[in-house]
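Asks: If you scroll down you'll find the structure; I have some questions about it.
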Amino acid sequence: MLVLNHQDGELRYKFEEGGFAIVDSKLYVSIETKAIDEDTYPDRFLFAIEGLLLKNGLENTHFEISINPNYEPPNVHVYTTYHADQVTANVKLTVLTNSQIEIEIDIKTEDVIYYNEKAKPNFFKGNVILPKKDLEELWIPS
């Protein structure tokens, strides 16, 4: 389970689809979730890492990545009902096998519900085990 800590309460999500790919020593990660409760808004939370250079190949690591102001890799993406402009993600990557990793995420983004003076930063946290896939199979915005 992944949890979005919003000022109006916790919003719970389950992993639906995703994976990771390594292309030219660069890591790509895609996590697509769906709200557990039908009435939750937003009903989806999507997260992606695009083109993070792996200097030593796939290994256990901990890193922080933020939106690239030039919209080029390495970059991080969050989509709920809109594509977030402000994202910072702390990521712990644990290699389970050559074809499976565990990702623990702590993502900070702008408010997913309020866009006025009520808006406060949101934190999306959780962990998920991801299979290795071809890059074309992952949700990576272009």
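The values are calculated or read from the model by the stated rules, or taken from the named source; none is laboratory data. Remember, it's a predicted structure, so these values are computed and weren't measured experimentally. Cβ placement follows ideal geometry from the backbone for every residue including glycine, while neighbour counts extend to all protein chains displayed.
Asks: I need a count of the residues in the stretch 1-15 that are more than 13 Å from the chain's Cα centre (by Cα), in contact (Cβ under 8 Å) with a residue 24 or more places away in the chain and in a strand (DSSP E or B).
Replies: The qualifying residues number 4.
Asks: Scanning for something at pLDDT 95 or above, more than 17 Å from Trp139 (Cβ to Cβ) and not charged (D, E, K, R), does the stretch 72-91 turn up at least one residue?
Replies: Yes, the conditions are met somewhere in the stretch 72-91.
Asks: Specify the residue that is nearest to the chain's Cα centre (by Cα); the eligible residues are those in the stretch 22-35 that are under 16 Å from Val112 (Cβ atoms) and hydrophobic (A, V, I, L, M, F, W, C).
Replies: Here the answer is Ile31.
Asks: Looking at the stretch 105-127, which of its residues are among the aliphatic types (A, V, I, L, M) and closer than 17 Å to Leu52 by Cβ?
Replies: Ile105, Ile107, listed by residue number.
Asks: Oh, and also: Return yes or no: is Asn56 farther than 25 Å from Lys118 by Cβ, modelled with pLDDT under 95 and more than 15 Å from the chain's Cα centre (by Cα)?
Replies: Yes: the conditions hold for Asn56.
Asks: Evaluate the following for Glu137: is it among the charged types (D, E, K, R), touching a Leu at 6+ places or on another chain (Cβ under 7 Å) and at pLDDT 95 or above? Outline the logic, then answer.
Replies: Working: among the charged types (D, E, K, R): yes; touching a Leu at 6+ places or on another chain (Cβ under 7 Å): no; at pLDDT 95 or above: yes.
Taking the combined requirement at face value, the residue does not satisfy it.
Asks: Now, a different point. Here is a check on your reading of the model: is Val95 surrounded by 13 or more Cβ atoms within 10 Å (Cβ to Cβ), more than 12 Å from the chain's Cα centre (by Cα), at pLDDT below 95 and aliphatic (A, V, I, L, M)?
Replies: No; evaluated as a whole, the condition is false for this residue.
Asks: Can you name the number of the only condition in (1) among the aliphatic types (A, V, I, L, M); (2) surrounded by 21 or more Cβ atoms within 10 Å (Cβ to Cβ); (3) more than 23 Å from Asp85 (Cβ to Cβ) that Met1 fails?
Replies: (2)
Asks: Which one is surrounded by the fewest Cβ atoms within 10 Å (Cβ to Cβ), of the residues in the stretch 98-142 that are of a type in the set (Gly, Ala, Ser) and out of contact with any strand residue (DSSP E or B) (no Cβ under 8 Å at 6 or more places or on another chain)?
Replies: Only one residue fits best here, namely Ser142.
Asks: Now for a different question. For the list (1) touching an Asp or Glu at 6+ places or on another chain (Cβ under 6 Å); (2) in a loop (DSSP other than H, G, I, E, B), I need the number of the one condition that Gly18 fails.
Replies: All conditions are met except number (2).
A quick yes/no check of all residues on (1) under 21 Å from Leu96 (Cα atoms); (2) touching a Gly at 6+ places or on another chain (Cβ under 6 Å); (3) surrounded by 16 or more Cβ atoms within 10 Å (Cβ to Cβ):
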position: Glu10; (1), (2), (3): no, no, no
position: Glu32; (1), (2), (3): yes, yes, yes
position: Asp37; (1), (2), (3): no, no, no
position: Gly57; (1), (2), (3): yes, no, no
position: Glu64; (1), (2), (3): yes, no, no
position: Ile67; (1), (2), (3): no, no, yes
position: Asn70; (1), (2), (3): no, no, no
position: Asn75; (1), (2), (3): no, no, yes
